[in-house]
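Read through the structure below, which is laid out as structure tokens, and then see the notes.
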């Protein structure tokens, strides 16, 4: 379980994963060794899985953001999801409850690229039905944060 010091360290890293361990120790008000040891332990336990760059999709050519519901042929869910997940435009594949078996989050460069995604990825054998929702405005999109 995480204690207050771990939570503070994660909060600092969540705002900027490039923050030095020395700076984290100053912000959290613990020794550099404590921060270093705790970060290593959280990495080893899988609490911290890695560090990444968060790109602004608008600045790198991803004009369209879509949410896609899929109904998938019985017994083929994992196979189809794994195939869809290999497409570089797809950044989320989820098993869900409700009217659909899977929800897909994807980005496309433009309408032509979205058309290609729909025709060549989302219409593969085993996908019985798909509904694509075009995102008009992103109110919030962040990685997960600590539960309170």
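Read-outs throughout are calculated quantities, based only on the coordinates presented, and are distinct from any laboratory measurement. Here the structure is a predicted model, which means the values were calculated and not measured. A quick note on method: Cβ atoms are made from the backbone with ideal geometry, for glycine too, and the neighbour counts reach across all protein chains shown.
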| task | Mind running the shape call on the stretch 4-45? Use the C-alpha gyration tensor, a ≥ b ≥ c as the square roots of the eigenvalues: rounded below 1.5 for a/c, prolate if a/b tops b/c, oblate otherwise. | result | rounded
| said: Can you classify the stretch 57-134 as rounded, prolate or oblate using the Cα gyration tensor, where a ≥ b ≥ c are the square roots of its eigenvalues, rounded means a/c under 1.5, and otherwise it's prolate if a/b beats b/c and oblate if not? | reply: prolate
| said: Between helix 4-15 and the chain, what is the angle of the helix's C-alpha long axis to the longest principal axis, kept within 0 to 90° and rounded to the nearest 10? | reply: 50
| task | Return a whole-number percent for the relative contact order of the chain, with Cα pairs under 8 Å and 6 or more residues apart as the contact set. | result | 23
| said: Tell me whether the chain comes out rounded, prolate or oblate; compute the Cα gyration tensor, take square roots of the eigenvalues as a ≥ b ≥ c, and use a/c under 1.5 as the rounded threshold. | reply: prolate
| For helix 32-45, what angle does its Cα long axis make with the longest principal axis of the chain, in degrees from 0 to 90 and rounded to 10? | 30
| Summing -39500 (n - 2.57) over the DSSP H runs of n ≥ 4 in the chain and dividing by its residue number, what mean residue ellipticity at 222 nm do you reach, to the nearest 500 deg cm²/dmol? | -10500 deg cm²/dmol
| field | Relative exposure of 141, 43, judged by other C-beta atoms within 10 Å (fewest first) | value | 141, 43
